[in-house]
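The values are calculated or read from the model by the stated rules, or taken from the named source; none is laboratory data. Note that the structure is predicted; figures quoted are calculated from it, not measured. Backbone-built Cβ (ideal geometry, glycine too); neighbour counts: all protein chains shown. Calculation scope for accessible area: heavy atoms of the full protein, side chains included, ligands and nucleic acids excluded. Shrake-Rupley method; radii C 1.70, N 1.55, O 1.52, S 1.80 Å.
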Amino acid sequence: MSREELDGRIGEGWSGTAPNGAHVNVVLAHRGSPTAATAVSMLAHPTPGHTPVLVCVGPTQAEYEPVWPPTLMMNKATALEERHQTMTWGAAQLGIGQGVLDAVADGLVEATGDLLVLVAVWVDPAAHDERAVRKASRAAARKAIGVCIEGRDPAAAAALVERRDSLRNPFYSGE
């Protein structure tokens, strides 16, 4: 699949157990495309509790290096408390970086600057186990990239259509 064909592909992944799980949405973007321009522009628009970052790894800040392909991360849950910030920009960022590198190791995407990986991550403000959040973020990111590349199972999509009238959502309490 060419890099151009990857542009705009969307994937979703959840992993772990609440409150230490992670939910991610991934968009792939080809460098130079409108999708990439939109993704990069988010770096210029931080708001209190929402700080977009270029995913970097390293044992100290002085040793940071960006994950390749370049991965931009934005949190979906407002992180105002120090513990939630640490879980988000520490554990989740590291896990996302590892998940992207897992996708590279598995041959799903190339480690190239021509592809951008945009990840929106939700970390529960009640999360308390940074190891679990890291592991969940890693698995969710890898899963979401897999959906971007391999698509959704047509049988699962058809089953969802069949069940549409009985669907539920944990944040909806109505009938």
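So what is the accessible area of the chain per residue, in Å², with the probe set to 1.4 Å? Accessible surface, normalised per residue, equals 55 Å². Global dimensions of region 73-150 from alpha-carbon coordinates: Rg and Dmax equal 12.7, 38 Å. Reported value for region 1-67: 154 Å³ per residue, from the convex hull of its C-alpha atoms. With the convex hull constructed from alpha-carbon coordinates only, the chain shows a mean projected area of 11.5 nm² over all directions. When the charge dipole of the chain is built from unit charges on Cβ atoms (+1 for Lys and Arg, -1 for Asp and Glu) and taken about the Cα centre, the candidate among Pro52, Ala127, Ala157 whose Cα reaches farthest toward its positive end is Ala127.
Taking the centroid of alpha carbons for each part, region 65-108 and region 112-138 are 4 Å apart. Of all the accessible heavy-atom surface of region 40-169, with the other protein chains kept in place and a 1.4 Å probe, what percent is carbon and sulfur? Using a 1.4 Å probe with all protein chains present, region 40-169 comes out at 55 percent carbon and sulfur. Counting charges near Glu12 (Lys, Arg +1; Asp, Glu -1) among other residues having Cβ under 10 Å from its Cβ returns a value of +2.
Of all DSSP beta bridges confined to the chain, the antiparallel ones make up roughly 80%.
The Cβ shell under 12 Å around Gly97 holds other residues with a net charge of +1, Lys and Arg each +1, Asp and Glu each -1.
Counting only the Cα atoms, region 26-116 fills a convex hull of 103 Å³ per residue.
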